[in-house]
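Every read-out reported here was derived from the displayed coordinates using simple, explicitly stated rules and does not represent laboratory data. Keep in mind that this is a model prediction, so the values were computed, not measured. Glycine gets a Cβ as well: all are built from the backbone with ideal geometry, and neighbour counts include every protein chain shown.
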Amino acid sequence: MRSWLRILVIAVVTVAFAIGVMLHMLLFRDTSVYYLYARAWSRLLLRIAGVRVQCSGFEHLVPTERYVYCANHSSLFDIPVLLASLPDNIRIMYKEELGRIPIFGWCLRMSPFIAVDRGDSREAFAKIEQTVATMSTGASVLVFPEGTRSEDGRLGAFKRGAFSLAARSGRPIVPVTLVGTASVLPAHGTRLSPGVVSLTVDAPIVLPTEASKSDQVQAMHTLHAVLEQRIFAHDNR
């Protein structure tokens with residue numbers, strides 16, 4: 001299937017799923033179905049795009065535990081790969097401006113996912129408190145600690161929000177390395193290419209009880225080193 005046709009089909013499927021889940025939530029006042037729709041949407045998108053995901057490291061996860069998943073970010077396809085593959089009920093922290101996109105953004109605003117205004121530090125702190133409450137109800141959270149997509153596939157500097165969230169919630173940080181999504185759809189790219197994506201989960205990073213700022217910074221450096229090593233190892237096979 002040609003790239004432009006895949007993208008057109010994906011756009012139609014995304015709009016259909018967004019309308020479907022919004023109607024479901026409005027009619028039944030039930031936001032818990034959002035994750036089920038999001039996971040089904042993600043898996044269908046991967047099939048349409050011709051993307052196969054090779055997963056490893058799930059033995060590090062305990063099914064009854066809730067986590068702060070932290071992944072590198074280099075493509076719009078990172079989100080469907082993660083939603084389709086991680087064996088957990090996850091909420092995503094996303095940029096507030098995504099909520100302005102017609103239909104897709106409206107659906108996000110109705111969802112239990114968490115919008116964050118990166119330009120307002122006080123609101124960002126309030127969102128962390130809201131997310132801690134969300135995690136206490138049995139959901140894990142997915143964060144891209146770089147804050148935005150990498151332009152060249154290299155791992156960028158991390159922001160501290162994910163580590164503050166882990167400290168306040170008492171939940172372990174799970175390193176998740178994605179390799180290959182930028183080849184499927186680069187940042188700001190418009191050409192979609194089928195391919196294989198590698199998703200690797202490493203052992204959780206556990207912060208000490210009542211973790212200090214220095215503990216959070218140490219965890220940030222540890223996570224960055226784990227992801228960077230995974231990316232480097234894959235690129236030099």
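Here's how it looks for residue 114: its modeled amide H is under 5 Å from those of 92, 93, 94, which are all 5 or more places away or on a different chain. The tail of the calculated P(r) for the chain beyond 29 Å holds 25 percent of all Cα-Cα pairs.
If you count, for each residue, the other Cβ atoms within 10 Å and average over each peptide, how do 180-187, 15-22 line up from highest to lowest?
Values: 180-187: 21.9, 15-22: 17.1.
Result, highest mean Cβ count within 10 Å first: 180-187, 15-22.
Distant-in-sequence amide contacts of residue 57, defined by a placed amide H-H separation under 5 Å and a gap of 5 or more residues or a different chain, comprise 201.
Exposure proxy for 25, 110: other Cβ atoms within 10 Å of each Cβ, ordered fewest to most, give 110, 25. Summarising the strand pairing of the chain, around 20 percent of its internal DSSP beta bridges are antiparallel. Helical runs (DSSP H, four residues minimum) scored at -39500 (n - 2.57) apiece and divided by the length of the chain put the mean residue ellipticity at 222 nm at -14500 deg cm²/dmol. Based on alpha-carbon atoms, the Kirkwood radius and the radius of gyration of region 79-148 give Rg/Rh equal to 0.95. Remark: relative contact order (region 89-175) = 27 percent; criterion is Cα-Cα distance under 8 angstrom and separation of 6 or more residues.
By the combined test of axial Cα extent (at least 30 Å) and Kyte-Doolittle hydropathy (mean at least -1.0), the qualifying DSSP H helices of the chain come to 3-28, 213-235. In terms of the mean number of neighbouring beta-carbon atoms within 10 Å, the peptides 36-45, 149-158 order highest first as 36-45, 149-158.
What the phi angles of region 145-153 give under the Karplus curve with 6.51, -1.76 and 1.60, with θ = phi - 60°, is a coupling list of x, 5, x, 7, 6, 5, 7, 10, x Hz, glycine and proline written as x.
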